[in-house]
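A short worksheet on the structure shown next.
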Amino acid sequence: MMKKNRPKKIVLHQKSRVVEIEFDEDQKFELPCEYLRVYSPSAEVRGHGPGQEVLQYGKESVGIERIEPQGFYAVRLCFDDGHNTGIYSWDTLYELGANYETLWKDYLSRLEDAGHKRNSSKGDIPVVIRGPESKGVQ
């Protein structure tokens, strides 16, 4: 059963393409934009039911243009590749943060099985670099 966590802070680091999310119980996640894009909760990515998922590839350099609050339960992430239909609930963001390593490895495995490769020389897991270029959303 998923916890009902609410973020205390969401910060978009546009230059390093990372979203930093801090939850109520002082749990903090730094999630690359690429990861958030390939695990978008939108029907375009997840499909309308089991087995209808669409593998996303070629998203290594995707960024987020803006984060739009959706009431008191979620945010919409507007990516610079035009994708903006995913509504990320607090539970979804928490799950993506808590399961980052497992989900990322699964994504890399599915990419390989489909004959795709990431165009990155930084290794398997995107490197997170924090800098002063941050923009906060609260």
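The values are calculated or read from the model by the stated rules, or taken from the named source; none is laboratory data. These numbers were taken from a predicted model, which means no experiment stands behind them. We place every Cβ from the backbone using ideal geometry, glycine too, and count neighbours over all the protein chains shown.
Residues that are surrounded by 19 or more Cβ atoms within 10 Å (Cβ to Cβ), in contact with a Lys or Arg (Cβ under 7 Å, 6 or more places away or on another chain) and among the β-branched types (Val, Ile, Thr) occur at least once in region 34-41. A search for C-beta distances below 9 Å between a residue of region 30-54 that is more than 21 Å from Tyr94 (Cβ to Cβ) and of a type in the set (S, T, N, Q) and any residue that is loosely packed, with under 15 Cβ neighbours inside 10 Å and at pLDDT 90 or above, counting only pairs 6+ apart in sequence or on different chains, returns Gln52/Ala43. With the condition kept exactly as written, say whether any residue in region 38-59 is among the aliphatic types (A, V, I, L, M) and either in a loop (DSSP other than H, G, I, E, B) or on the phi > 0 side of the Ramachandran plot (or both). Yes, the conditions are met somewhere in region 38-59. Candidates Leu31, Leu12, Leu55: the one that is of a type in the set (A, V, I, L, M, F, W, C) and surrounded by fewer than 13 Cβ atoms within 10 Å (Cβ to Cβ) is Leu55. None of Tyr107, Tyr88 is of a type in the set (Phe, Trp, Tyr), modelled with pLDDT of 95 or more and part of a strand (DSSP E or B) except Tyr88.
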